[in-house]
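The structure appears below as structure tokens.
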Amino acid sequence: MSTRARLADIAQQAGVSEATVSRVMNNKAGVAEGTRQSVLTAIDVLGYERPTRLTSKRASLVGLVTPELSNPIFPAFAQVIESQLVRHGFTPVLCTQTPGGVHEDEYVRMLLDRGVAGIIYVSGQHADTLTSIDRYTELRARGLPIVMINGYREGIDAPFISNDEFASMELALHHLIQLGHTRIGLAVGPERYVPVIRKIGGFRSGLKELLGVDDVDDLIVTTMFSLEGGASAAGRLLERGVTAIVCGSDLMALGAIREARVRGLRVPEDLSVVGYDDSLLIAFTDPPLTTVRQGVRSMSEAAVRALVDEIRGVQPTAGEYVFRPELVVRRSTAAVPRH
């Protein structure tokens, strides 16, 4: 294929003139960054090889900031986001926060030093209501595209992608109530986090609407998002007479099952347990876990699309986009025990 034909193909794919494609191919100034990225992506999509002088372009980097990867839901998000970024011609830079490790702010400084084109945050500091949003408003003020997953905060002019926590609780409660449970507990993480606040709100409103229960404080335990946290919460809830527990993560649900067994109880014969996330291998636990599935793929694709659009010069639509979860019924839930 001739060079002229390739220019025409790329120009059509990117929606720009051949002259603009030529300027990008020759690394000339005077082309908006969004337009430049559109041309580079068109080159990748059409299967053409980028000129050597463009392959190390810093602006093709996108930061992906996630919490620790020991919770399998975060690697699930990272995998889909990374593959989607690569499809759009960007190179993901994974930044994983660990307790006592590199802080989110330090990662962001390193990403800015490398000239990233944008950043996607998964359950980052934005989800913590006790932290300032200034770090994000400053990034927006300098024109950096950012997208947040799970943890909406007002005052940040950026797209937010969230799972519907209220619907998650509604799905879990409907399922358990249909099985005859009326004494249902909720085990979640620290209440400083937006998703936890919303789960608690959904749990409260769900019990009131479905069972007419107003006073639910003794049915809610906030603890750590971990196996140990789930076990601790389950112990306290079992002492309060619950026959079913809804957990804030699959790891917490596994901890709850472990605690039930330590106490000589069977799951689901004596206690029903519902997880949250539907993370990898949860279908193969003993028993296979009933859980609320986040739409990881659709949420990740939406986040990448929003970021890439802004990088290419499309004005972002700030605000929150809420995705509907799905209840996956397996064998950790059953009819209320008869005594």
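The values are calculated or read from the model by the stated rules, or taken from the named source; none is laboratory data. Computed from a predicted model, the values in this text were never measured in an experiment. A quick note on method: Cβ atoms are made from the backbone with ideal geometry, for glycine too, and the neighbour counts reach across all protein chains shown.
In table form, for the structure just shown:
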{"read-out": "Some residue of the range 220-230 being polar (S, T, N, Q), more than 26 Å from the chain's Cα centre (by Cα) and surrounded by fewer than 20 Cβ atoms within 10 Å (Cβ to Cβ)", "value": "no"}
{"read-out": "Members of the range 288-297 found to be within 17 Å of the chain's Cα centre (by Cα) and surrounded by fewer than 24 Cβ atoms within 10 Å (Cβ to Cβ), listed by number", "value": "Arg293, Gly295, Val296, Arg297"}
{"read-out": "Total residues in the range 125-152, condition crowded, with 20+ Cβ neighbours inside 10 Å and in a loop (DSSP other than H, G, I, E, B)", "value": "4"}
{"read-out": "Ser22 being part of a helix (DSSP H, G or I) and polar (S, T, N, Q)", "value": "yes"}
{"read-out": "Selection within the range 309-326 - out of contact with any Ser or Thr (no Cβ under 8 Å at 6 or more places or on another chain) and at negative phi", "value": "Asp309, Glu310, Ile311, Val314, Gln315, Pro316, Thr317, Ala318, Arg324, Glu326"}
{"read-out": "Subset of the range 84-124 that is assigned to a loop (DSSP other than H, G, I, E, B) and of a type in the set (Val, Ile, Thr) - its residue that is nearest to Met224 (Cα to Cα)", "value": "Thr98"}
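Residue-wise test of (1) surrounded by 17 or more Cβ atoms within 10 Å (Cβ to Cβ); (2) in the same structural domain as Leu227 (by TED's automatic domain parsing); (3) under 19 Å from the mean Cα position of the chain (by Cα).
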| position | (1), (2), (3) |
| --- | --- |
| Glu269 | no, yes, no |
| Ser272 | yes, yes, no |
| Ala283 | no, yes, no |
| Asp286 | no, yes, no |
| Met299 | yes, no, yes |
| Val304 | yes, no, yes |
| Glu310 | yes, no, no |
